[in-house]
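The values are calculated or read from the model by the stated rules, or taken from the named source; none is laboratory data. All values reported here derive from a predicted model rather than from experimental measurement. Please note: Cβ atoms are built from the backbone with ideal geometry, for glycine as well, and neighbour counts cover all protein chains shown. With ligands, DNA and RNA removed, areas are computed over all heavy atoms of the protein, side chains included. Shrake-Rupley method; radii C 1.70, N 1.55, O 1.52, S 1.80 Å.
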Amino acid sequence: KRRGKNGLVRYSGTGDGGLNADLPHLLMRALAETPTDYGFAVHYQPIVSFADGGVVAVEALARWTDPVAGPVDPDVFVTVAERTGLVAAIDDFVLDRACADATALAETYGRPIDVHVNVSAARLGQQGLAEGIFDALARHGVPASRLVVEITETRRIPDLPRAVEVAETLRRQGIRIALDDFGSGFNALAQLHSLPVDIAKLDSSLTDVDVAPERAAALCRSVVRICGDLDIVVVAEGIETPARAQALAALGCDLGQGYLFGQPVPVHRLAALIPTQPGPATAARLPT
Ligand code: C2E
Ligand code: MG
Ligand code: MG
Ligand code: MG
């Protein structure tokens, strides 16, 4: 009944197979109508400066709980959405929410902070992407300089020259571009070469200093150095332990993100997550 008047949803089974088979259909329904009524939400995860432990940004992440099937893993529904052409609707919903939440975010931290949103690489070259982003910023009165667009590089960018054009259009207005999961996907270095990038988010597989300390350290040091030469800010992803934070800060990463600093949570729960101002409590989790 929660699906609305003209809705009829078939579940072909109680197991995972039923959910997978129906997933595109369920997603489409959820996104076509008011997404919040159909279990879509946005959570935020802090991004912290290694220099002083202060939160400099949050990443907006899509969440979807189907009323019947329950919470669906973002990697699952984003992949399905990419295959079925629905990912633009997810990106747009998250962008709109993130812009609408900008005021609450600034209140939480006592100052404006950057907001990161994810944009599927497949979309980067598409018509109307930049205009849609400018429109969302304008509607909510958010300055372009506060927005970071994360492009995941796990998928090949289909039309690179066109993607570069769109990225340049965004950057001319002050929006920054981040390469997400850097080092895990296609042509990491080639993408750095051709795409105008402001931020590289080092994938946790690359920064796994616990598994292969020497190799990880050598890789990180080199990537940090390349990024430094290109004026690219380095964010280390997936930081779960103080030891990892310490190692990555020592290797020259600028910022960190991970469960150590807080899991993705709804906007009203961010304040409880971590000291909102740089100070001893956050610094204690960081290298000295
Ligand atoms: P991502 O953009 O690389 O986001 C970071 C993911 O790592 C998030 O997973 C986050 O919860 C997880 N994470 C953060 N810290 C840690 C940690 O310390 N340990 C571990 N094990 N994981 C950590 P999440 O939210 O499940 O999202 C998965 C992916 O789905 C995202 O990876 C992104 O590629 C995609 N995604 C999420 N929201 C959107 C969206 O609005 N649009 C698009 N196009 N993709 C999205
Ligand atoms: Mg991301
Ligand atoms: Mg990432
Ligand atoms: Mg990822």
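Which of (1) within 16 Å of ligand 2 (Cβ to nearest atom); (2) modelled with pLDDT of 95 or more is the odd one out, the single condition Phe50 does not satisfy?
That leaves (1) as the condition not met.
Given Arg171, Arg176, which one is open to solvent by 10 Å² or more (accessible area, probe 1.4 Å) and either farther than 25 Å from Pro46 by Cβ or over 15 Å from the mean Cα position of the chain (by Cα) (or both)?
Arg171
Across segment 224-235, which residue is nearest to the chain's Cα centre (by Cα) among those that are over 15 Å from Gly256 (Cα atoms) and part of a helix (DSSP H, G or I)?
Cys227
What number of residues within segment 186-216 are farther than 25 Å from Gln263 by Cα and crowded, with 16+ Cβ neighbours inside 10 Å?
Result for segment 186-216: 5.
For segment 161-186, how many residues are more than 19 Å from Glu82 (Cα to Cα), within 16 Å of ligand 2 (Cβ to nearest atom) and not aliphatic (A, V, I, L, M)?
Residues flagged as more than 19 Å from Glu82 (Cα to Cα), within 16 Å of ligand 2 (Cβ to nearest atom) and not aliphatic (A, V, I, L, M) within segment 161-186 amount to 3.
What number goes with the only condition from (1) within 16 Å of ligand 4 (Cβ to nearest atom); (2) in contact with a Pro (Cβ under 7 Å, 6 or more places away or on another chain) that Asp208 does not pass?
It is condition (2) that Asp208 fails.
So which strands (runs of 3 or more DSSP E) stay within segment 63-160 end to end and still have 1 or more residues that are away from ligand 2 (no atom under 16 Å from the Cβ) and surrounded by fewer than 20 Cβ atoms within 10 Å (Cβ to Cβ)?
Passing ranges, in order: 70-72.
Could you check Cys99 against (1) out of contact with any Ser or Thr (no Cβ under 9 Å at 6 or more places or on another chain); (2) modelled with pLDDT under 95 and say which number it fails?
That leaves (2) as the condition not met.
List every residue pair whose Cβ atoms sit under 9 Å apart, with the two residues 6 or more apart in sequence or on different chains, where the first one lies in segment 244-261 and is assigned to a helix (DSSP H, G or I) and the second, anywhere, is of a type in the set (D, E, K, R) and more than 16 Å from ligand 2 (Cβ to nearest atom).
Cβ pairs passing all conditions: Arg244/Asp208; Arg244/Asp210; Ala245/Arg285; Ala247/Asp210.
Need pairs with beta-carbon distance below 8 Å; first residue under 17 Å from Ala32 (Cβ atoms) and of a type in the set (Ser, Thr, Tyr) and within segment 69-86, second open to solvent by less than 20 Å² (accessible area, probe 1.4 Å) and away from ligand 4 (no atom under 12 Å from the Cβ); sequence gap 6+ or separate chains.
Thr84/Leu27
What number of residues within segment 27-45 satisfy the criterion of being outside any helix (DSSP H, G or I) and in contact with a helix residue (DSSP H, G or I) (Cβ under 9 Å, 6 or more places away or on another chain)?
6
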